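Taking it in order: structure first as structure tokens, then the write-up.
Just so it is clear, none of the values below were taken in a lab; they were calculated from the coordinates. The shown structure was predicted, so the numbers you read here are calculated from the model rather than taken from an experiment. Heads up, the Cβs are rebuilt from the backbone with ideal geometry, glycines too, and the neighbour counts pull from every protein chain shown.
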Amino acid sequence: MKTTAQLCLLATSLALAPHLPAEPALKEAFQQDFLIGAALNPDQFTGANAAEAALVKRQFNSATPENVLKWEHVHPAADRYDFTLPDQYVAFGETNHLFLIGHTLVWHNQTPDWVFQNDHGQPLTRAALLTRMHDHIATVVGRYKGRIRGWDVVNEAVEEDGTMRQSQWRKIIGEDFILKAYQFAHAADPRAELYYNEYSLENANKRAGAVKLIRQLQSQGVKITAIGLQGHYNLDWPSMGELGQTIDTFAKLGIQVNITELDINVLPAASGNVTADVSLNYQPAASLNPYTNGLPAAVQQALAKRYAALFTTFRQHRHDMRRITFWGVTDGNSWLNDWPIRGRTNYPLLFDRDGQPKPAFAAVLATAHTASGNSPN
Ligand code: 9MR
């Protein structure tokens, strides 16, 4: 029996702590398996959105900045860097003991045109572009040396057919722009993990191209810690067989495998291509945006089942995997509300628009302590 004084104390402490975490945390459930991360937006890491900041602190032990370290944001003009938001991202991560990722140094998107041009608007020479790439990497990686622990050095350099993308980087510098990027990053922070980040590697042709690239980098003595499988999936693709084979293929190269941008698109496809090419943009149509008033229970369950299958597969490969990062925290944050059609209502993550856990959250947690059996399909 508790005394009246004890009951009063209990009532007071409950009143003082009305937001005691009700849910278990992903980062704790998978502590023995991998880090669990999320891509963060400024409202989350500045605390402007206090509820989502709290959710991040409770659930995740790694973070990636969704946009603020991309070239156009951090280095908007030749003579100007803007570290205001990246500094806040790093401070938030350090305060909350998050394993911090930097995203991304060399990409064909979100890189301003001036990067590739001289003062007269003419294409730069190879030497001048290499100098520019070097200075950018040395400045950005150097600033966060020892604090940002891993970098997406080169992002999305391979085409769907496995050939190398004809980006401005490749056209002006040549194929060794990739080698140089890794060398510059390693010199700027020798202890940082260095990643190659790419989507749709579950498709065999593209995978073969990435394998060739990584073998080549390894034969040139480049430090490469992990492949980042972005993990922009949908309800039907990839199969668990394709995913398992992809993880095994890269693990055999002697590198770790990270899932870096996980989400599951539940909306009808606007085209047949499975891709995360941000330049795609299709016309809106009501038939392609069917869940504006909520996700039907059957789709909610299909999403939960799909997430459970993915995490079962990840756990089966846990010895080759180091991190699983979601591309956003709540459904409301997701880029999939605007891609490849603007203004849709998508439901790709584990937390709904109010930050509440969805059935998929419980389904993922349920995989954490089960013995790994055969791959589900
Ligand atoms: O989620 C990002 C979105 O907010 C940006 O508008 C978009 C612009 O390029 O980039 C998105 O993130 C991409 C990531 O940086 C690289 N892989 C594909 C991601 C989704 O497009």
Q) Given a Förster radius of 30 Å and the C-beta distance between residue 297 and residue 318 as r, what FRET efficiency does 1/(1 + (r/R0)^6) yield to the nearest 0.05? A) 0.45
Q. Among 122, 216, 166, whose mean-square fluctuation peaks in a Gaussian network model of the chain (Cα, cutoff 10 Å)?
A. 122
Q.
Positive end of the dipole of the stretch 199-259, charges at C-beta (+1 Lys, Arg; -1 Asp, Glu), about the Cα centre: which of 214, 249, 233 has its Cα farthest in that direction?
A. 214
Q. Using the Kirkwood radius built from alpha carbon pairs, what does the Stokes-Einstein equation give as D for the stretch 211-304 at 25 °C and 0.890 mPa s, in µm² per second?
A. 153 µm²/s
Q: Figure the gain on full extension for residue 108 and residue 164 (residue separation times 0.36 nm, minus the Cα-Cα span) and round it to one decimal in nm.
A: 18.9 nm
(Q) Can you tell me which lysines have their Cα less than 25 Å from the Cα of residue 358? Leave out same-chain residues fewer than eight positions away. (A) 27, 57, 305
Q. Using the alpha-carbon centroid of each, what span in Å lies between the stretch 74-153 and the stretch 275-314?
A. 32 Å
Q. At q = 0.14, 0.16, 0.28 Å⁻¹, what is the log10 ratio I(q)/I(0) for the stretch 276-337, with the Debye formula run over Cα points and no solvent?
A. -0.65, -0.81, -1.24
Q) Stretch residue 288-residue 80 to full length: gain in nm at 0.36 nm per residue minus the Cα-Cα span? A) 70.7 nm
Q) GNM, the chain, Cα, under 10 Å: largest mean-square fluctuation among 299, 140, 158? A) 299
Q.
Using the Cα atoms of the stretch 33-166, I'd like the radius of gyration and the largest Cα-Cα distance, Dmax, both in angstrom.
A. 16.4, 53
Q) Going by alpha carbons, how many degrees (0 to 90, nearest 10) lie between the helix axis of 240-251 and the longest principal axis of the chain? A) 50 degrees
Q: Convert each backbone phi in the stretch 33-38 into a coupling constant with the Karplus relation 6.51 cos²θ - 1.76 cosθ + 1.60 (shift: θ = phi - 60°), then list the ³J(HN,Hα) values in order as whole Hz, x for Gly and Pro.
A: 10, 7, 5, 10, x, 8
Q) So how compact is the chain: Cα radius of gyration and Dmax in angstrom? A) 21.7, 84
(Q) Can you give the FRET efficiency to the nearest 0.05 for residue 205 and residue 50, using r as the Cβ-Cβ distance and R₀ = 56 Å? (A) 0.80
Q: Once you've got the GNM for the chain with C-alpha springs shorter than 10 Å, pick whichever of 260, 246, 125 has the biggest mean-square fluctuation.
A: 125
Q | Pairs of lysine residues in the stretch 133-255 - Cα separation under 18 Å, sequence separation of 8 or more or cross-chain | A | 8
**Q.** CD proxy at 222 nm, helix term only [per DSSP H run n ≥ 4: -39500 (n - 2.57); per residue of the chain; nearest 500]
**A.** -11000 deg cm²/dmol
**Q.** Paramagnetic reach from residue 370 (point 7 Å along Cα→Cβ, amide N under 18 Å) across the stretch 287-312
**A.** 300-312
